[in-house]
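Engineer: This is the structure, below, for whatever I ask next.
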């Protein structure tokens, strides 16, 4: 039998339901893995094994609590939990205890999850890296800002984790660490208890080692019935390669991974085409920066005013200074462009008869070094457009590190995206 | 000279700048008024006179800090401040201290405001009323959910206050108490540090006793230069009466107030017409309920799970039970309708050449009794459509209580709305 910590969430759930595994045994296996690996990976900002053990024991002794019964989960440290600290990746908030569960954590708990601990985030889910290393190569970044969530899931320390995405903070670390990362449609999951960064884009995202696993967590967080995404029985999904205006910024290995995936999908029965974005979409890169720079600094105004010396130079140079230069008129124009492109995108996919776009999840393999968490080049577009998107591991690059392709569906078509992703995962496996 | 506590914010600001008034003298006048009146009005959830006095002294001794230098402000108790409790209108959070300023409070402080205290909110900014009474008739509601903010401003206890609106929680209490209430375009002010209720609609709103005063606070919160809205020199604004599908739900006095305002505007040079909403807008009432019922309960899932016995029966029956019956498909359909109507509204106002809509701010005078804070019948539409809107006091009804008319501009046309509102205020005065 597979070691418990290696089981995917859905598989572990089935083993627990069948009496072949207990919540306690699964938790202990995860804790052992963490004890063995945390020195090298540093995925956790806070762990409470005692509370997790008590919870697992209670679940083992009680009735079935729901779709996550007995599954350990890691929670990015900008998402509040009632019984743990939330430090937001900043020394300013050392030891801060919010005392309340965020919307997604409350839903996960209600569905039987064991909240194992808080995972490392970059400072305020922005740029300055935390201590986490890529579990596949300690000299490389795990990506950011949901660094610890991606690393812990990839390293078999926990089967499920929550992250957040404002640009590419779920999809990119998932690609760098070789796991599945899913950002639902903007607005589907509650943001209550998530430290606000950029209200226009902040979205809770989900990480696991398989599509069925993120679908399980998604159903639990939305409190909708879980339907295994493979059950849709998809035969010929309509997939379009979308190179975006940034294709030249992707490494040759990434080009090859997208092409190989497209060929494999076509061989497996998909209708594969291409979709080029109209020229107006090129303005979204600047629009995304404009909105983020306008919105983010105001949400850290308290820290800047009362503990500015503890805010990183990265955040000041990357957000606060540019934010000070954005005018209200520029902000409004950026919001208007986003709105127009969202409507245009709906129409384009409809006209072209496309279910899902295929595009890179990141420019290439995880960069060497820990200071730079990589670029959201291939992510900000879909976040800006409020579209659901998902990273699917797709082989390795020249350095042997994971590459990811990204699948993107129309707004609100999250269930369709998960169904195609389950199909695509089986094809690429 | 007018007693300091009776001065509007802009007027007080000018007096302080000219050396005719000090922050300390203004604060003491407000504190005296509160001491005399709080027993009857009960607008405050928390007051810290000591901290406010220290702040006022520091401002008096230092250089000019900005557009709100020395002006006291009240903050609705679902908006966090770093040095005061935030109880969200719920016994569950008695004594809770968030330890951090919300985005709008941080901006107001940076502009020189004296944060006087926290104002009473209904439970979780939903329906269950707090202790506040209408300062003009203690047997009537001040409206909700920003009850204390409206009452304190109307009663000359503070010149400025912050509230929030998800349906009509700023505009309606402003109408009932006879003050100006302004809800900016969705997304213009930061929601960081505001207890999330319904992410799709929550908007920080501003209250004062005059249009220039809310414009001053608006500029400070947005950190944009303050331009007095009267300086635009408007001569012939294009105003359209919008009766909405709910005209029959307004009292005759409200019909008369809207008509009288329209006639006065026309006599003063406005181009006054009418704008009827297309039939599809009738679906927005149900759509608004659907989105709110879907989103709100998840943001209080922690309270419901861990302290459900302290959640009111009102909240359970009004939000949690209906929320449990909303499907994801219905939620998506409601979001789609809102999006379509927003685009349609932009086009309609463009086609008809309308700057500002004129519509009731509330169905009528403040209802008798304290349990029912009134209905958002004439507010939810504009909140749903993300449009900036403003309550302007417009005479009194049959019981001698204030009536308000509402002015509504296109999304992002906040400056134009304030300019027309300043013009309209002068006409109605």
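Engineer: Find the centroid of the Cα atoms in region B:390-429 and in region A:388-429, then give the distance between the two in whole Å.
Structural biologist: So the separation of the two Cα centres works out to 52 Å.
Engineer: Let me ask another. What is the distance in Å between the Cα centroid of region B:82-127 and that of region A:215-236?
Structural biologist: 40
Engineer: May I ask you to report, in nm to one decimal and beginning with the shortest, the distances from residue A:368 to the same position in the other copies, taking label points 7 Å along Cα-to-Cβ?
Structural biologist: Residue A:368 label point versus its equivalents elsewhere: 8.2 nm.
Engineer: Within 10 Å of each Cβ in B:79-88, how many Cβ atoms from other chains are there, averaged over the peptide?
Structural biologist: For this peptide, the per-residue mean of nearby foreign Cβ atoms is 1.
Engineer: Would you please calculate the Kirkwood hydrodynamic radius of region B:282-331 over all C-alpha pairs and express it in Å, rounded to one decimal? Write down the numbers at each step before the final one.
Structural biologist: Working: mean 1/r = 0.0891 Å⁻¹.
For region B:282-331, inverting the mean 1/r across all distinct Cα pairs yields 11.2 Å.
Engineer: Let me ask something else. What does the highest-first list of A:349-358, A:144-153, B:270-279 look like by mean Cβ count within 10 Å?
Structural biologist: On the way: A:349-358: 19.1, A:144-153: 34.8, B:270-279: 15.4.
Answer by packing, highest mean first, reads A:144-153, A:349-358, B:270-279.
Engineer: Seen from all sides and averaged, what is the projected area of the convex hull of the Cα atoms in region A:208-355, in nm²? List each step's numbers first, then the result.
Structural biologist: On the way: hull surface 52.1 nm².
Projected area, direction-averaged: 13.0 nm².
Engineer: Quote the relative contact order of region B:262-353 in percent (integer), defining contacts as alpha-carbon pairs under 8 Å separated by 6+ residues.
Structural biologist: About 38 percent, as a whole number.
Engineer: Over all residues in A:279-292, what is the mean tally of Cβ atoms on other chains that come within 10 Å of each residue's Cβ?
Structural biologist: Counting Cβ atoms of other protein chains within 10 Å of each residue's Cβ and averaging gives 0.
Engineer: Considering every residue in A:96-108, what mean count of other chain Cβ atoms within 10 Å of its Cβ is obtained?
Structural biologist: 5
Engineer: Sort the following peptides by mean Cβ neighbour count (other Cβ atoms within 10 Å, averaged over residues), highest first: A:213-221, A:174-182.
Structural biologist: Packing order, densest peptide first, comes out as A:174-182, A:213-221.
Engineer: Okay, helix-only estimate at 222 nm for chain B: each DSSP H run of n ≥ 4 adds -39500 (n - 2.57), divide by all residues, round to 500 deg cm²/dmol; what do you get?
Structural biologist: -12000 deg cm²/dmol
Engineer: Here is a follow-up. Taking other Cβ within 10 Å of each residue's Cβ, how do B:34, B:79, A:92, B:73 sort, fewest first?
Structural biologist: A:92, B:34, B:79, B:73
Engineer: Let me ask you something else. Give the shape of region A:4-223 as rounded, prolate or oblate, defined through the alpha-carbon gyration tensor: a ≥ b ≥ c are the square roots of its eigenvalues, a/c under 1.5 means rounded, and otherwise the shape is prolate if a/b is larger than b/c and oblate if not.
Structural biologist: Note, shape of region A:4-223 comes out rounded.
Engineer: Next question. Given the options B:43, B:307, B:154, which has the most mean-square fluctuation in a GNM of chain B, springs set between C-alpha atoms less than 10 angstrom apart?
Structural biologist: B:307
Engineer: Rounded to the nearest 5, what is the percent of antiparallel bridges among the DSSP beta bridges in chain A?
Structural biologist: In chain A, DSSP labels about 65 percent of beta bridges as antiparallel.
Engineer: Antiparallel versus total DSSP beta bridges in the protein assembly as shown: what percent is that, nearest 5?
Structural biologist: Antiparallel: roughly 65 percent of the beta bridges in the protein assembly as shown.
Only the coordinates and a few stated rules stand behind these numbers; no lab work does. None of these values were measured; they are calculated from a predicted model. All Cβ positions, even for glycine, are placed from backbone atoms using ideal geometry, and neighbour counts span all protein chains on display.
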